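Working notes for the structure below.
The values are calculated or read from the model by the stated rules, or taken from the named source; none is laboratory data. Note that the coordinates shown come from a computational prediction; the quantities given were computed from them, not determined experimentally. Here Cβ is always computed from backbone atoms with ideal geometry, including for glycine, and neighbour counts include all displayed protein chains. Remember, those area values only see protein heavy atoms, side chains included, never the ligands or the DNA or RNA. Shrake-Rupley method; radii C 1.70, N 1.55, O 1.52, S 1.80 Å.
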Amino acid sequence: MDVIWVLIPLSVVLVLVAVRAFVWAVRTRQFDDLDREAARILFEEPGQDGKPHGEQRHD
Amino acid sequence: MSTLTRFSQSSATASEATSATCFHCGLSVPPGVDIEVSVNGRDQRVCCHGCEAAVQFIHSAGLDDFYRLRQAPTGHRPGEGIAADPAAFANPAVAAQYLDRDDAGRAHGSLALDGVGCAACAWVLEHGLVGIPGLHQVKVDLASGRLSASWDASDDTEAARGLTRLLAGINALGFDAVPAQPAHELALHEQQRRRSLTAIGIAGIGAMQVMMLAIADYAGLFSGMALDHRALLIWAQMVLTGVVVAFGAQPFFRTAWHTLRAGRMGIDVPVALAIGLGWGVSALVVLSGGISRGEHVYFDSVAMFTFFLLLGRHLEQSVRHRFARADAELDALLPAAVTRLDGDGGRQSVLPAQLRAGDRIEIPPGGIVAADGRVLEGQGEIDCAALTGESLPLQVAAGSDVPAGSRNGPARLRLEVLRPASHSALAAIPQLLARARAQRPRSLHLADRVAGVIVTAVLVIAAVTAIVWWFIDPARVLPVTLATLMVTCPCAFALATPVTLTAATLRLRRLGILLVDPTALERARTVVTAFFDKTGTLTEPGTLRCEAMTAGTEAECVNMAVALQQDVPHPLAVVFRRLPVSRRCELEAHRVAAGAGVEARVDGRHWRLGRPDWAGTDHPDLPAAGEGGIWLTEDGALRARFHFDARPDGSGPHGEQLRPGARETIRRLRARGLEAAIISGDSADRVQAVAAELGITRWWAGVDPASKYSLLQDTPVQGGALYVGDGLNDAPALGGAGVAVAMASACDFTRSAADVIVLDDRLEAVVDLLDGADRTRRIIRQNLLWAISYNLLAMPLAVTGMIAPWAAALGMSASSLLVIANAARLLRQNRRPRTSTGEARPWT
């Protein structure tokens, strides 16, 4: 069971890393708009000609 | 073409199923309107030219995905709502009020949007505006309904031009926007939100990990565990809980410190003490080697407690930020800009604040009057419903006084400004509201009232225990005192109220009731009288009945009347537009005659709809003015009369009818032993009619906003007034009422004064709210009773040193869990229950 002498401190460090990552995410506005980012993948970005990129591909 | 093909296929089913709704906005296509717009060879019906233009523009910009991906139609007709005339902001001085210019030659502006509901709307705006020259960045924030943008502008004139182009671009996409003041409070809210989110994240991640370690530790209590392993687990808990307390629990320490410094006792004081002492005492145990003596630590309780409390606070705060809009100021009640007529015949668009007494201004049809004024030219009607509660529009002509904040009817009016906008009756309303709020009895939670007593008691008991044990056995002073503090730590007690209020807020939300201030549930206890505003709260615009001269032509006449009332900015026209129609009519020379009616040519025939003496000038038996309803004539010959439904008691027809559920609401209020009363700004006969219909004996009519508030003060019980209203004139009364309820149809300003907002304008929600408050209070009481009795029961055992550490831990966790489970009973009915009649079932 001596392995817990490594694992428990490691888990504490990992939690601190997770907390730091979360704080970074909030600070960089990752949580500001939860509705839109979920839907973003559905929208095709319009190209230079004003038509969606997807058009040529599907023809 | 596949994008476009897919687009038309997916929309085909929708448009066939609901052929009478607009392809763009989803509102019903008004009869008499038959505009079709061709999208990929398919004709789609739209309700107006605004929507038609929007569909075409969106299609030509290649943004058809909007229609495929939006969650719901916008429900917003372009040009209805907060629409601002882009031209009004062409004046650099006006535009500069709303814009910031930076050194890099860019202007930054924030616009409040109308009609934006889902991610697709935001997407179409951000991409549809890209083509505007000089525009750099457009960002839509759905939560606040704001659009922020920046564009090239080296001086104010260019900045104003950019703003005008931006507004026109937004209009072209079928949305409306007005420039909003730089949103300082919004930025503040965003900062608060981010801060509380950070705290929740830290507490949540930390608490879960601490809990895991704690469970391992508890398992060890029963199965045996090496002492050094146990110490390791506890040390890890101490570090993690330290992080939670130091970073997550900050808000509690800060508020507790502020309340204490102000010489008061708030709920955050015991919360901060529980968290601080819980961690501090446990840490003392660890550092003094208490682990080897089998003493217990409470890191898990501290961490979980912090997390749950933060979660509840965050929910409450986000509701408040979203619905008590910070920009609900006087500015929001007035138009952003107003046309001033200069002496030399010039026209200039200026801010309402720039108006001086004696200025001449022009109010367009349907516009909001910016300052108290006297009519110079023009004859028409103004609608003061929101301002004074009068349900019928007022006739105005040269010489009439017009109050700021009223809505102009169909005619163009020229006014002379009587006093600056800041001195109008409208401007007094926010001041009245502030005063009413300040005088409102400070609401104290039961928990708040008891908290101070309990915390003091805990500290005194712990001190006495320490002193007594000092004489009995000095070696056991520390462990016994710690155990006492632990057992009596009011964790479950502090949790009891916030957890229950959070559950109640969620439950009420499902019933369509938005709780902005959860303490209103506590104040609901003292309510003895329910005051209702009349216009827009107890009543809604009435239903028109058509009486055709020739039998069988009713449908025909209704079609014609509704077509004539299209696009007419008049309260009556709205009522007409709700009539069912079977066929469209093509109008020519459509014209509004102010104060009289509307007319148009159809197939060479001259149709009029309006006052009998105007519409039927050739008719032999003209009724006296004000009688005979509204006439529809064809070349002067009477074709039909339109009447409002007469009241059941025969007191004559009115342009309003009771809201569905009004009778039931009053009946249920009476059953609860409450008295119902009406306070209205409308005339006595109309108020009396409504009161009689509902069997209400206490009513006041013609009451101004200030008196509405002072009438509430006469309620025998302090804070015993519940007020339900929707108008601007209700704001001071709402601010002073014990429980303030606003209807969803109220403007932002009025809603900001309310504790509770009824989201679907269902009047019975008032009773549901009171029932919900009863149940919430019952559960809070049970929770507090349980928490206190647990503490009282365990305390003697702890004081006498008889309590085992694991028993204390188990008891404490079980106590908190029980409190949470009890609160969760409020959520048990998962969906909004409906009876067969479609009415929501009350609380059981």
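For this structure, a couple of remarks:
- Qualifying residue in region B:163-174 (condition: crowded, with 18+ Cβ neighbours inside 10 Å, under 29 Å from the mean Cα position of the chain (by Cα), more than 25 Å from B:D65 (Cβ to Cβ) and among the polar types (S, T, N, Q)): no
- Scoring B:L197 on the criteria (1) within 12 Å of chain A (Cβ to nearest Cβ); (2) in contact with a His (Cβ under 6 Å, 6 or more places away or on another chain) leaves a single failure, condition (2).
- Of all residues in region B:205-230, exactly one satisfies the criterion of being small (G, A, S), open to solvent by 30 Å² or more (accessible area, probe 1.4 Å), farther than 18 Å from A:L10 by Cβ and within 11 Å of chain A (Cβ to nearest Cβ), namely B:A226.
- Those residues of region B:91-121 which are more than 16 Å from B:P352 (Cβ to Cβ), away from every other protein chain (no Cβ under 14 Å) and at pLDDT below 75, in sequence order: B:D114, B:G115
- Output for region B:231-262, where each listed residue is farther than 22 Å from A:R20 by Cβ, within 14 Å of chain A (Cβ to nearest Cβ) and open to solvent by less than 20 Å² (accessible area, probe 1.4 Å): B:L233, B:I234
- Failed item in (1) within 19 Å of B:G673 (Cβ to Cβ); (2) open to solvent by 10 Å² or more (accessible area, probe 1.4 Å); (3) assigned by TED's automatic domain parsing to the domain that holds B:F531, with B:R778 passing the rest: (3)
- Residue satisfying all of: in region B:278-309; of a type in the set (S, T, N, Q) and within 16 Å of B:D217 (Cα to Cα); modelled with the highest pLDDT among these: B:S282
- With respect to the conditions (1) in contact with a Gly (Cβ under 7 Å, 6 or more places away or on another chain); (2) touching a residue at least 60 places away in the same chain (Cβ under 8 Å), B:A684 falls short on a single one, namely (2).
- Only residues that are within 14 Å of another protein chain (Cβ to nearest Cβ), of a type outside the set (A, V, I, L, M) and more than 19 Å from B:A61 (Cα to Cα) were counted in region B:122-151, giving 5.
- Among the residues of region A:13-37, those that are at the interface with chain B (Cβ under 7 Å from one of its Cβ atoms) and over 16 Å from B:G204 (Cβ atoms) comprise A:D33, A:D35, A:R36.
- In region B:263-277, the residue that is most open to solvent (accessible area, probe 1.4 Å) out of those that are small (G, A, S) and at pLDDT 80 or above is B:G276.
- Region B:135-162: number of residues that are of a type outside the set (A, V, I, L, M, F, W, C) and open to solvent by less than 30 Å² (accessible area, probe 1.4 Å): 5
- Residue that is surrounded by fewer than 24 Cβ atoms within 10 Å (Cβ to Cβ) and modelled with pLDDT of 85 or more, where the choices are B:R668, B:R647, B:R686, B:R639: B:R668
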